[in-house]
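Enquirer: This structure is in structure tokens; I'll ask about it shortly.
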Amino acid sequence: MKSRKFDRAEAEAAEPAGGWGSVRSLAGILTREGIPVSGSLVLSLQNKPRGFACVSCAWAKPAEPHPAEFCENGAKATAWELTSARTTPEFFKRHTVAELLEWQDYDLEHHGRLTHPMRWNLETDKYEPVSWDDAFKEIGDELKRLAPNDVVFYASGRASLEASYMYSLFARMYGTNNLPDSSNMCHESTSVALPESIGVPVGTVTLDDFDKTDGIFFFGQNVGSNSPRMLHQLQDARVRGVPIVTFNPLRERGLVRFTNPQSPTEMLTGSETEVSTQYHQVKAGGDIAAIMGMCKALVAADDAASKAGEPAVLDHDFMAQHTHGFEAFAADIRRHSWAHLERRSGLPREAMEAAASVYAACERVIGVFGMGLTQHRAGVEAVRMVANLLLLRGNIGKEGAGICPVRGHSNVQGQRTVGISENPELVPLDRIAEQFGFSPPREKGMNTVEACEAILAEKVRGFISLGGNFIRAIPEREAMEQAWSKLRLTVQVATKLNRSHLVHGEISYILPCLGRTEIDMRETGAQTVSVEDSTACIHGSKGVRGPASPHLLSEPKIVAELAKATLAVNPKLDWDAWVADYARIRDAIEQTYPEMFRDFNRRFLTPGGFRRPIAASRREWKTKNGKANFVVPSSLNEDPDMPEDSHDVLRMMTLRSNDQFNTTIYGYSDRFRGIEGTRMVVLLNRDDVDRLRLKSGELVGIRTMANDRIREMRGFRVTPYDIPPGCIGTYYPEANALIPLWHHAERSKVPAAKSIPVTVFRTNEISLFK
């Protein structure tokens, strides 16, 4: 007999995205964090002009915002930062690091905001208070003793443009391009694929395009959990009758039905908007084949139209003027049989033809994609296939159309824009050298996977982290945690305690910083910072609430003090002047990137932001041949490590719940999927449950099918779910230990977390869930 908890969970899973479920969830976290009134007041300024930019996702911020311009997850992120709970020196005095390592990730962060800089003591195995001056001096002294290329400067996607620019400059003045960031784990496949296809590393659409489009196609992106504010644009499009066609292995709630919590009528009447007009549950790793099937149907229809003397289906004028490689691509399309496409995609021919029919009827199409495409071994080619599809009918470089990669963390795209990159070819090093009077390193630095490989090989001695929870976000967790203790120096700039602070090096510091919601008061007054959203628009962000502790410093201040303690005095760079007035940092950014940041200080507070120039949006192709390029995929198989025709080996994909953001877990309620009280679940197709002779609710183990070493985890609760046969779902980051470090996208090295070959095996454990 099911408990009341799971009856309620199943009822909530049947609800649309948004609606009363979202309202209940928001009220719950504000109450739990002890800020039911003050939190509501702060939220009224989130993503507003003269307010602060959300610390959660990077979805675009409109010039004319809604009264509540935040989503459920964005509100949770803000409440998480505004919490009344504190993690003080007294807390660390009561607990050794060994004790805290036994805590769950949720409990570590939920304990509250960090209040003082802390240094780990080997003798006591405890973090102890340290003065800021001592921390900076000691860290600087250690960095001076280390070889620059033995140190990694990691950045999460949260830091502002100002802090990111300073951080990248600090690393290069120190002597290294080891500047990996969180984009290496998500959208680096986009950054590699799009420059070759259309000449830019980012998307081409703006919010205005969503108002003018007449067709939207989704590939591997869960809007309901990862970018819920986009549901406003999708709802508006559906009201206009715009078709939305979705390709995704799971039927995600936000792409099925939506009730707008800001609409009194919808909330009172329970009315819903059907989001997807077609929903195709492609199997994990089947996206290239599914898009190829659409392209095959389009080319066939164009051939038939040509023979019949009817109007063309493809935009031949656009392709002749603006593209290269269509004939080779068309030849490749024709050689694939429908049977092969069906087997690779997991979809029937009729589904691919139906999607192609909708696409052909639209004049202006937006192609949206997320990590469901980028996190495959052939993730780069999957992104190129979306570009190929759009180029067939001229759907890049015109209003209402374009390619739209939905980025994750709030400024992950902006960090790359201002220099956080391990690839020196992407940074104007000559201009930086002239601007600041030093010789930047020219050799390529380490990305995230390469940094992990070097740590395992004991070739890295120092690791500085500007935000994030690196040790939880990466693959190969078990081996990485064992190797981490051999690092000489680890420094974590953070707002809350997480596992990366506890799996530390010989010398370890936690440096607590201001959150984005907090007032950053400097000599010239309260400071404003800037971020870049997924549509390449730059926005100002100003804290609105007092700091959680008087001992907190801003990220720009921490970076500046670390640089001063480590580097020789540079007459061309006054770190103190920059920290006193962030406008001077923006002046420096404009000097380094004059085309992108023209009149930076004047424009960045413009409602809706200002957009940096995107050449492909104007049909200017900054590619080697000056054209947009069709690229023939080398294979339809996105994950060549999967054994062919094996019924025992399953494709594991990692997922996020609507109660988390990246590695931050807000709770144990994934109401969109009806899962409560645990994150240790494995979602299986009901036929696979029966075929493997498993039972709903029993605990099983998962083993990665790799020859180099055994990777195995136990304690996953069998959960029958609407997922394609042969595919299973587990939560990120819990299942990261099952992902081999070598299992990454070719060329981009993004961990291929969306299709891991695994087996599920029975254990003797008994589930606590009935």
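Enquirer: Could you work out what % of the accessible surface of region 605-736 is carbon and sulfur, using a 1.4 angstrom probe and leaving DNA, RNA and ligands out of the count?
Expert: Working: 2510 of 5180 Å².
The computed percentage sits at 49.
Enquirer: Moving to a separate point now. Just the number, please: carbon plus sulfur as a percent of the accessible area of region 165-279, 1.4 Å probe, no ligands or DNA/RNA counted. Write down the numbers at each step before the final one.
Expert: Details: 1450 of 2920 Å².
Percent of accessible area from carbon and sulfur atoms in region 165-279: 50.
Enquirer: Amide H to amide H, which residues 5 or more places from THR87 or on other chains are under 5 Å from it, using H placed in the peptide plane?
Expert: ARG113, LEU114, THR115
Enquirer: What residue among PHE247, ASN388, ALA289 has its Cα farthest toward the positive end of the dipole of the chain, where the charges are +1 on Lys, Arg and -1 on Asp, Glu, each on the Cβ?
Expert: PHE247
Enquirer: For region 599-650, give the magnitude of the charge dipole about the Cα centre (Cβ charges: +1 Lys/Arg, -1 Asp/Glu; no others), in debye to the nearest 20. It would help to have the intermediate numbers written out before the result.
Expert: Details: 9 positive and 8 negative charges, 243 e Å.
The calculation lands at about 1160 debye.
Enquirer: Note the full-extension length gain between SER40 and ARG349 as 0.36 nm times their separation in residues minus their Cα-Cα distance, in nm to one decimal.
Expert: Details: separation 309, 0.36 × 309 = 111.24 nm, distance 4.97 nm.
Roughly 106.3 nm would be gained on extension.
Enquirer: How large is the charge dipole for the chain, taken about the Cα centre, if only the Cβ atoms of Lys, Arg (+1) and Asp, Glu (-1) carry charge, to the nearest 20 debye? Walk me through the numbers before you get to the answer.
Expert: Details: 92 positive and 97 negative charges, 100 e Å.
The calculated dipole for the chain is roughly 480 debye.
Enquirer: What's the local net charge at GLU638, with K and R +1, D and E -1, over the other residues with C-beta under 15 Å away?
Expert: Net of charged neighbours comes to +2.
Enquirer: Then there's this: Any idea which of ALA588, THR606, SER617 is furthest toward the positive side of the dipole for region 586-626, if Lys and Arg beta-carbons carry +1 and Asp and Glu beta-carbons -1?
Expert: Most positive-ward Cα: SER617.
Enquirer: Name the residue from THR273, PRO201, LEU234 whose Cα lies farthest towards the positive end of the charge dipole of region 174-299, charges +1 on Cβ of Lys and Arg and -1 on Cβ of Asp and Glu.
Expert: THR273
Enquirer: Still on this structure, please answer the following. Roughly what would the spin-label model give for HIS551 and ARG747, points 7 Å off Cα along C-beta, in nm?
Expert: If labels sit at HIS551 and ARG747, their model points lie 4.9 nm apart.
Enquirer: Out of the GluC sites (Glu not before Pro) in region 566-650, which ones are loop residues according to DSSP with at most 11 other C-beta atoms within 10 Å? Please list the in-between numbers first.
Expert: Details: sites: GLU590, GLU595, GLU620, GLU638, GLU644; in loops: GLU595, GLU620, GLU638, GLU644.
Sparse-neighbourhood loop GluC sites (Glu not before Pro): GLU595, GLU644.
Enquirer: If r is the Cβ-Cβ distance from GLU310 to GLU64 and R0 is 60 Å, what FRET efficiency results, to the nearest 0.05?
Expert: Values: r = 43 Å, r/R0 = 0.72.
About 0.90, to the nearest 0.05.
Enquirer: Let me ask something else. What ranking do 403-409, 206-212, 686-692 get when scored by the average of other Cβ atoms within 10 Å per residue, highest first?
Expert: Numbers: 403-409: 26.4, 206-212: 18.4, 686-692: 15.3.
Output ranking for 403-409, 206-212, 686-692: 403-409, 206-212, 686-692.
Enquirer: Per residue, how much accessible area does the chain show when a 1.4 Å probe rolls over the protein heavy atoms, in square angstrom?
Expert: On the way: 27360 Å² over 770 residues.
For the chain, the per-residue accessible area is 36 Å².
Enquirer: Of all accessible surface on region 385-534 at a 1.4 Å probe, what whole percent is carbon and sulfur? Kindly include the intermediate steps, with their values, before the conclusion.
Expert: Numbers: 1840 of 4030 Å².
Its accessible area is 46 percent carbon and sulfur atoms.
Enquirer: Which percent, nearest 5, of DSSP beta bridges in the chain are antiparallel? Walk me through the numbers on the way to the answer.
Expert: On the way: 39 of 90 bridges.
Here the share of antiparallel DSSP bridges comes out near 45 percent.
Enquirer: Once amide H atoms are placed 1.01 Å from N in the peptide plane, what residues at a sequence separation of 5 or more from ARG522, or on another chain, have their amide H within under 5 Å of its amide H?
Expert: Amide H to amide H, under 5 Å and 5 or more residues apart or across chains, ARG522 pairs with GLN527.
Enquirer: State, as an integer percentage, the relative contact order of the chain based on alpha-carbon contacts under 8 Å between residues 6 or more apart.
Expert: Details: 1710 pairs, mean separation 166.1, N = 770.
Contact order relative to length: 22 percent.
Enquirer: With θ taken as phi - 60° and the coefficients 6.51, -1.76 and 1.60, list the Karplus ³J(HN,Hα) couplings across region 182-187 in order, rounded to whole Hz; mark glycine and proline as x.
Expert: For region 182-187, the Karplus curve yields 5, 5, 4, 9, 9, 10 Hz.
Enquirer: Further, regarding this structure: Loop-only trypsin sites (Lys or Arg not before Pro) in region 579-650, please: DSSP not H, G, I, E or B, and at most 13 other Cβ atoms within 10 Å. Mind dumping the intermediate values first?
Expert: Details: sites: ARG584, ARG586, ARG598, ARG602, ARG603, ARG611, ARG618, ARG619, LYS622, LYS624, LYS627; in loops: ARG598, ARG619, LYS622, LYS624, LYS627.
Sites meeting the loop and neighbour criteria: ARG598, LYS622, LYS624.
Enquirer: Suppose every Lys and Arg Cβ carries +1 and every Asp and Glu Cβ carries -1, with no other charges. What dipole size does region 47-149 come out with about its Cα centre, to the nearest 20 debye?
Expert: Details: 13 positive and 18 negative charges, 88 e Å.
Using Cβ point charges on Lys, Arg, Asp and Glu, region 47-149 gives about 420 debye.
Enquirer: Let me ask something additional. State whether region 197-331 is rounded, prolate or oblate according to the following rule on the C-alpha gyration tensor (a ≥ b ≥ c being the square roots of its eigenvalues): a/c under 1.5 gives rounded; otherwise a/b larger than b/c gives prolate, and the remaining case gives oblate. Walk me through the numbers on the way to the answer.
Expert: On the way: a/c = 2.04, a/b = 1.93, b/c = 1.06.
It comes out prolate by the Cα gyration axes.
Enquirer: Related question: Run the simple label-point estimate for ASN707 and ARG762 please: 7 Å along Cα→C-beta, distance reported in nm.
Expert: For ASN707 paired with ARG762, the spin-label model returns 3.1 nm.
The values are calculated or read from the model by the stated rules, or taken from the named source; none is laboratory data. Small disclaimer: the values here were computed from a predicted structure and weren't measured. Using ideal geometry, Cβ is built from the backbone for each residue, glycine included, and neighbour counts are taken over all protein chains shown. The accessibility values were calculated without ligands, DNA or RNA, using every heavy atom of the protein model including side chains. Shrake-Rupley method; radii C 1.70, N 1.55, O 1.52, S 1.80 Å.
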